[in-house]
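Undergrad: What follows is a structure written as structure tokens; I'll ask about it next.
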Amino acid sequence: MQVRRSILTALAAGTLLLASGCSSDDLAKTDGSTAGTAAQGAVTISGQNFPEATLVASMYDQLLTAKGYDVTVELVGTRDVYSAAGQFPETIQIVPEYVGGIVDFLNATANGPDARPLTTNDPATSIEAAKSLLTDKGITLLDPSSATDQNAFFVTQEYADANAVTKLSDLEGTSVVLAAAPDCLGRSDCEGGLTGVYGIDITKVLPLGFASDQTYQSVLDGESQLGLTSTTDGTLADQGLVLLEDDKGIQPAQNLVPAVSTTWLADHQDAADALNALMAALTTEKLTELNGRISVDREQPEVVAKDFLTSESLI
């Protein structure tokens, strides 16, 4: 995934692993909901345990519990863990995923870390390119959401106003210091794309981390002018920071998408219908707001998830 999802191992182990630490019993069960009659049988959901993924897993949990499934949620540190030893899609049936992340992972697993990238900035094109890999693995991707969690770059609101900057192309020919993940240098979706596609003069890359406190502070202090985060970062406004539009599309599509065991799905189309409805209801703006309630307001993911599902009449 570009800096963000193709290196989710680093991500989940790094600054985003603020992890809620929720166990399977903590997600959706603390709000008083139950599995009811569990008439639809058992289903296991896995995924990564950084805050946004925990939120979305809780949405899946509560949504399917309301549909009569007996849900178990087992969140882990990285994609490698729930994919190891055939767990997904054999003993794990559903994973909240990102289009670019799952496509890049399957491509690298099947064809090696230096394989030609299959991802583009269009989710449908990326999914189609990975069709054979998904089929071979026994995984079906349901409808991708318009909500996307891509790499993104931010500046201070003061810098944006003073320099009339709203999109990355506005920085063409400008010299800036970039605070970012350690592997940003040369990457087509990070320093390489900023210099090669946008014509920005990156004088230095400070390896301070993805969406880390150090990266935020570096930009706020003026040590860096540009910082790396995601499109669903709910903390920026409170810090006086603003995202710049990726108007030339250097970021691969990272739309939220349910990844489901093809075998299991054949007998549970009702679950697909429910998850597709959730994907249709989510937008990048809504997801950013929900993330902010967790990271800024310190609300519990399962509470935020239930509020959203209720407000959208999904449960």
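The values are calculated or read from the model by the stated rules, or taken from the named source; none is laboratory data. These numbers were taken from a predicted model, which means no experiment stands behind them. Here the Cβ is made from the backbone with ideal geometry for all residues, glycine too, and neighbour counts use every protein chain on show.
A quick yes/no check of all residues on (1) in contact with a strand residue (DSSP E or B) (Cβ under 6 Å, 6 or more places away or on another chain); (2) of a type in the set (Ser, Thr, Tyr); (3) outside the structural domain of Tyr98 (by TED's automatic domain parsing); (4) within 23 Å of Tyr98 (Cα to Cα):
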residue	(1), (2), (3), (4)
Gln157	yes, no, yes, no
Leu178	yes, no, yes, no
Ile200	no, no, yes, no
Leu208	yes, no, yes, no
Ser212	no, yes, yes, yes
Tyr216	no, yes, yes, no
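Undergrad: Restricting the search to the stretch 56-109, which residues are of a type outside the set (D, E, K, R), within 21 Å of Asp189 (Cβ to Cβ), in contact with a helix residue (DSSP H, G or I) (Cβ under 9 Å, 6 or more places away or on another chain) and outside any strand (DSSP E or B)?
TA: Thr78, Val99, Gly100, Gly101, Ile102, Val103, Phe105, Leu106, Asn107, Thr109
Undergrad: State the number of residues belonging to the stretch 120-154 that are in a strand (DSSP E or B) and within 18 Å of Ile250 (Cα to Cα).
TA: Number satisfying all stated conditions: 5.
Undergrad: Considering every residue within the stretch 277-294, establish whether at least one is of a type in the set (D, E, K, R), touching a residue at least 60 places away in the same chain (Cβ under 8 Å), in contact with a Leu (Cβ under 7 Å, 6 or more places away or on another chain) and part of a helix (DSSP H, G or I).
TA: So the first thing to find is which residues in the stretch 277-294 are of a type in the set (D, E, K, R), and the list is 285-286, 289, 293.
Next, from what is left, pick out any that are touching a residue at least 60 places away in the same chain (Cβ under 8 Å): 286.
Okay, now just the ones that are also in contact with a Leu (Cβ under 7 Å, 6 or more places away or on another chain), so none.
Within the stretch 277-294 (the criterion being of a type in the set (D, E, K, R), touching a residue at least 60 places away in the same chain (Cβ under 8 Å), in contact with a Leu (Cβ under 7 Å, 6 or more places away or on another chain) and part of a helix (DSSP H, G or I)), the answer is no, since none of the residues qualifies.
Undergrad: Mind checking which residues of the stretch 47-91 are among the small types (Gly, Ala, Ser) and in contact (Cβ under 8 Å) with a residue 24 or more places away in the chain? Quick ask: steps written out before the conclusion?
TA: Step one: list which residues in the stretch 47-91 are among the small types (Gly, Ala, Ser), which gives 47, 53, 57-58, 66, 68, 77, 83-86.
Those that are among the small types (Gly, Ala, Ser) and in contact (Cβ under 8 Å) with a residue 24 or more places away in the chain: Gly47, Ala53, Ala57, Ser58, Ala66, Gly68, Gly77, Ser83.
Undergrad: Can you say whether Thr215 is of a type in the set (Ser, Thr, Tyr), surrounded by 22 or more Cβ atoms within 10 Å (Cβ to Cβ) and either at pLDDT 95 or above or on the phi > 0 side of the Ramachandran plot (or both), as far as the supplied structure shows? Talk me through it step by step, then tell me what you get.
TA: Values: of a type in the set (Ser, Thr, Tyr): yes; surrounded by 22 or more Cβ atoms within 10 Å (Cβ to Cβ): yes; either at pLDDT 95 or above or on the phi > 0 side of the Ramachandran plot (or both): yes.
When the stated conditions are applied, Thr215 passes them.
Condition check ((1) in contact (Cβ under 8 Å) with a residue 40 or more places away in the chain; (2) among the aliphatic types (A, V, I, L, M); (3) part of a strand (DSSP E or B)) across all residues:
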| position | (1), (2), (3) |
| --- | --- |
| Val177 | yes, yes, yes |
| Cys184 | yes, no, no |
| Arg187 | yes, no, no |
| Gly192 | no, no, no |
| Thr195 | no, no, no |
| Gly199 | no, no, no |
| Thr203 | no, no, yes |
| Leu206 | no, yes, yes |
| Phe210 | yes, no, no |
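Undergrad: Could I ask something else about it? Might you check whether a residue that is under 17 Å from Pro51 (Cα atoms) and crowded, with 19+ Cβ neighbours inside 10 Å occurs anywhere in the stretch 270-281? Explain how you work it out, then say what you get.
TA: Filtering the stretch 270-281 down to residues under 17 Å from Pro51 (Cα atoms) leaves none.
Checked against the condition, which is being under 17 Å from Pro51 (Cα atoms) and crowded, with 19+ Cβ neighbours inside 10 Å, the stretch 270-281 yields no hits at all.
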